[in-house]
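For reference, the structure is listed below as structure tokens.
Readers should treat all values here as calculations from the given coordinates under stated rules, not as data from a laboratory. Here the structure is a predicted model, which is why all the values come from computation and not from measurement. Cβ sites come from the backbone with ideal geometry, for glycine too, and all protein chains shown count toward neighbours.
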Amino acid sequence: MIFTDTTLPTGFYRVHHDDYNFSVDGYERGHIVRSEERTIDAADNRSTFILSNIMPQQTDLNQGVWADMEDWCESMCKDSTKELFIVAGGIFKSGFRVSGIIAAPDSCYKIVVILEPGQKLANVDKNTRIEAVIMPNIKGIRKDKWEKYKRTIDEIEAATGYDFLNYVRKDIQNVIESKPSIF
Ligand code: MN
Ligand code: MN
């Protein structure tokens, strides 16, 4: 069971667990922050099971290529001792709503800033490794590798209207947001 977010402002629809109707729409509850990434204690982990941390994802995305990138992120921390700063979310264009209620993203993005142990965003410089993707929220991509969907942060900013890494110095943003990953 995933909990309704009761902290949303008055007037916001508060999504319920059962608002997801798999049989009709083919979407399932996809975590934005995955459960395995918040494990300090029970409350920390529970914070990932709130419906404002969930977006409708097609199974082939959620259990396929999106999960492939989540596994890569995990291995970067567990096997390579990196520290990751991650931003993720949906890109909404069509206006489609699951069960007529929950806005379903047409694609999902993830931005990963790869830091050394103890580093903070203040340490981000023009050589900092970035991995950014936009993945379509569709059937048929389960077996794809996440690297197929690499994009620049600039492309994600254009698609969402957000300014990511806005607390990083502008001249540094200009470099790291426009270069495709070479890794
Ligand atoms: Mn997932
Ligand atoms: Mn930016």
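Things worth noting here:
- Extension gain for Phe85-Arg129 works out to 14.7 nm (0.36 nm per residue, less the C-alpha to C-alpha distance).
- Between Glu116 and Ala158, the modelled label-to-label distance comes to 3.4 nm, taking each label 7 Å out from Cα in the direction of the beta carbon.
- Label separation (Ala103 vs Thr39): 3.3 nm, computed from points 7 Å beyond Cα along the C-beta direction.
- Measure of compaction for the chain (Cα Rg per 2.2 N^0.38 Å): 1.06
- Compared with the dominant Cα axis of the chain, that is its longest principal axis, helix 66-78 is turned about 50°.
- Filter on Lys82/Lys148; Lys148/Lys179; Lys139/Lys179; Lys82/Lys179 - keep pairs with C-alpha separation over 24 Å: Lys139/Lys179
- Sequence-distant contacts, meaning Cα pairs under 8 Å at least 6 residues apart, place the relative contact order of the chain at 19 percent.
- For segment 92-134, pairs of C-alpha atoms spaced more than 12 angstrom apart make up 69 percent of the total.
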